[in-house]
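Presented below is the structure to which this report refers.
What follows draws every value from the coordinates through simple rules; no lab data is involved. These numbers were taken from a predicted model, which means no experiment stands behind them. Note that we place each Cβ from the backbone using ideal geometry, even for glycine, and neighbour counts take in every protein chain shown.
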Amino acid sequence: MSAAAEAVAPLLLQVEGMKCGGCVRAVEQRLLEQPGVRQASANLMTRTAWVGLDPALEGDPSGPLVEALAGLGFQAQRRDQASTPLSRAQRQRQESWWQQWRRLVVALGLLLVSVLGHLSEAGDLPLPLLADIRLHAVVATLALALPGRPILVRGLVGALNGVPSMDTLVGLGMGSAYLASLVALLVPSLGWQCFFNEPVMLLGFVLLGRFIEERARFRTGRALEQLAALQPDTALLVLGDGPPRPVRVGGLRPEDRVLLLPGDRVPVDGLVLEGRSAVDASSLTGEPLPLQAGPGSELAAGSLNLEAPLTLQVLRSGSDSAVARIIALVEEAQARKAPIQGLADRIAGRFSGLVLLMAGATFLFWWQWGTKLWPQVLQAAPSAQAHGGHQAVGMAATGMAAMGSADMAAGALHGAAMAPLPLALQLAISVLVVACPCALGLATPAAITVGSGLAARSGLLFRGGDAIEMAASLRSVLFDKTGTLTLGRPLVTAVEVLTSAPGGGSPSRSEADRLVQIAASLEQHTRHPLAFALLQEAQRRDLALLEVADSRTIAGQGVEGRLQDPLAAGLGAGGACHVGRPGWLVELGLVAQEAIEAPLNRLEAAGATVLAVSARAPGASVGDPGPGSQWVALVAVQDQPRPDAADSLAELAGLGLDLGVLSGDRRLAVEQLARQLAVPLDQVAWELLPQQKLERLLQWRQRGPVAMVGDGINDAPALAAADLGIAVGTGTQIAQDSAGLVVLGDRLEGVVDALLIARRTMAKVRQNLIWAFGYNLVVLPIAAGALLPRFGLLLSPPLAALLMATSSITVVLNALLLQGPGPLRSGQ
């Protein structure tokens, strides 16, 4: 994400009625026209619109936006994140499917009557009534008035508002075929032909294609729904000493207490008060190993309790929970389009108008000139061949009363393309119908929706299609060191005792243990990061902390103090102790420079930060500076690399990416880590201030798009300045991160998975766009009659509708292949 990204207040709208790329373009333009709207991006797959609002805008801005879209014929409403959006969306989808199913059943029933009419006319069915042209006029009227009415209304509204859509094209095709046939029936003297079956078949295929497309579209949202299913609907509320009572999760508030049984999912973000259990958080973070939860542990909603009951205190519920924020972020990501989609949307937005012009030109050409240039096309039309060159309606006007004649009925019903006007009309209708801005509009969002959902299921959260596209085009990946390539938790790696007590008996414990115990005791009241390493080492060695009578911190040097009972601690008189910088102990005369120089250089060369610990040896008197009067040890503290860091960086290098490290740490520590991870030293920088990090990052950008991987907090400026910021953090920090990609949990290998998903997603986008553009380039000339003069090939309107539906379905199904079982990485 660029640092120049404009700060906006996001708003997500559910928009119904979008059918093609032209609709998407119209929605975005209308939203951008509204006061306070800075950005707008609509997604045809999820039927959502992401709106970036002026942060200074007051009140609820969704009302004017909903009204503005209603003026275009689109029903919109604000996504209410306070409730369960996925459940509501599912209910809406089920209602939409039920409506579509009813319309489809009616249309297919009427289509069946039309097909039976063909069979009756051919003599395969002894039902002369079905061949009656008046019955088929009624069938076509019912088809347009019932299941076809929404298409006609939306198409008319779009045309009147200057934003013709796919409904406009289909509605115009059905309406023109119906009206021409109706005029031919009512005014037989014109000599026109009837083809009432055309609008019926056209409508049936269009609705069938849209229903199949909707079913396929549903599969693209399964990953998001699986995330929503992680949060249960009910929880066991603990009320005093009484038994727990089941309540709806939406009714829980902070400070409430809930009981979590084994096998239950955590209903809200909570703090463990009682109990210990293993908890599986892999559904959110992708980490396979369960964590051990006990009193004081914070659990995110959606985690699975594996072993024992836990009592939780509610920290966050509803839209504030981790899983709700993840869902909101994924929904926003799916609504925000990739830059590559801009080209498709711009073309699709103007496509309907171009198709209208092309259909008009096709009609005029074949009506006025085409049949004169190639008169043989009137005999070569497939309908004429199929029905033996049936007579025109006008020629049979005098015999209309004797409709029992099969030949006459067939001529009236099918109206073979024997005259210029019917042929021109059929070709123009085919052009209107076969054009498919639907495929253009679906090409990118179908793949982005599936890809972002697949990533979210693995704990990888892209902030938008633009982030996915950038991730697929990266040339370099830069890493922060502390907390990113390393664990961010310094650990004691070595304790080296330099001087020993004089001969007079060895202490019961090793001198190393005793000095670690003293150092941890002195540091127990400080906040220095290295103090935690000493305390953790004392705990690992099972060393109890000693009481400190007097201690003070010397800025930039260390801590000095006295133990309350030095004799009981096994020390010499006075009990004076020091822990801090080795040079400080040399300056105090507690150890000689030559005594520590060699081991100090050796430990620092390994990349460790070294502390010196000093305590008065047993038997030494106060003020005794003689040899052996002090115990002295060097403690090496080092931040360890993440277990998966080396393998992850090797895989990124295998993807052809240049790798680098930008760190504010010391040179020796950074170089040592680079050697461990096989990063070339000429691509590593150390002791960098934040501004210097930005300068180095800009230098890397000259090679191509660059990503910065950090912990999402201290590295926020660098994350924002990079082409793609990648934050490795927890779900509770998502809303504050400035990164374009968030990797949940402590998995550096998630960066590899995210870039692979991005590359696969963009490959599907390119395939879809090639298909969508190629389809239109091929079928539009055929629909306009380009093959009719030489080959006698005519694309009928019903077949055009079938091809149009197939094109859209193909795009969605190709995107769904992203969810296939193939491994993300080699060796998985």
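Peptides 17-30, 474-487 ranked from most to least packed give 17-30, 474-487, packing being the mean of other C-beta atoms within 10 angstrom over each peptide's residues.
Given the Cα-Cα distance of Gln702 and Ala606 and 0.36 nm per residue of separation, how much length would full extension add, in nm? Mind showing how you got there, number by number?
Details: separation 96, 0.36 × 96 = 34.56 nm, distance 3.33 nm.
Extending this stretch completely gives an extra 31.2 nm.
Using 1/(1 + (r/R0)^6) with R0 = 30 angstrom and r between the beta carbons of His528 and Glu255, what's the FRET efficiency to the nearest 0.05? That pair, His528 with Glu255, gives E of 0.30.
Between Leu487 and Gln640, Arg642, the built amide H atoms are under 5 Å apart, and every one of these is 5 or more places off in sequence or on another chain.
At R0 = 56 Å, how high is the FRET efficiency between Leu793 and Arg38 if r is their beta carbon distance? Nearest 0.05 is fine.
0.65
Scoring 673-679, 456-462 by mean Cβ neighbours within 10 Å over their residues and listing the highest first yields 456-462, 673-679.
What order, most packed first, do the peptides 744-754, 767-777 have when packing is the mean number of other Cβ atoms within 10 Å of each residue? Could the numbers behind the result be given before it?
On the way: 744-754: 22.5, 767-777: 17.9.
Final packing ranking: 744-754, 767-777.
Taking each residue as 0.36 nm, the span from Gln593 to Ala308 lengthens on full extension beyond its C-alpha to C-alpha distance by 97.0 nm. Model label sites at Arg350 and Val778, defined 7 Å from Cα along the beta-carbon direction, differ in position by 2.6 nm.
Distance from the C-alpha centroid of region 506-562 to that of region 186-206: 93 Å, rounded to the whole angstrom. A Förster distance of 30 Å, applied to the separation of the beta-carbon atoms of Asp550 and Leu491, puts the FRET efficiency at 0.55.
Taking each residue as 0.36 nm, the span from Gln564 to Ala361 lengthens on full extension beyond its C-alpha to C-alpha distance by 63.0 nm. The HN-Hα couplings worked out from phi for region 470-483 by the Karplus form 6.51 cos²θ - 1.76 cosθ + 1.60 (θ = phi - 60°) are 5, 4, 6, 10, 5, 10, 9, 10, 9, 10, 6, 8, 5, x Hz, whole numbers, x standing for Gly and Pro.
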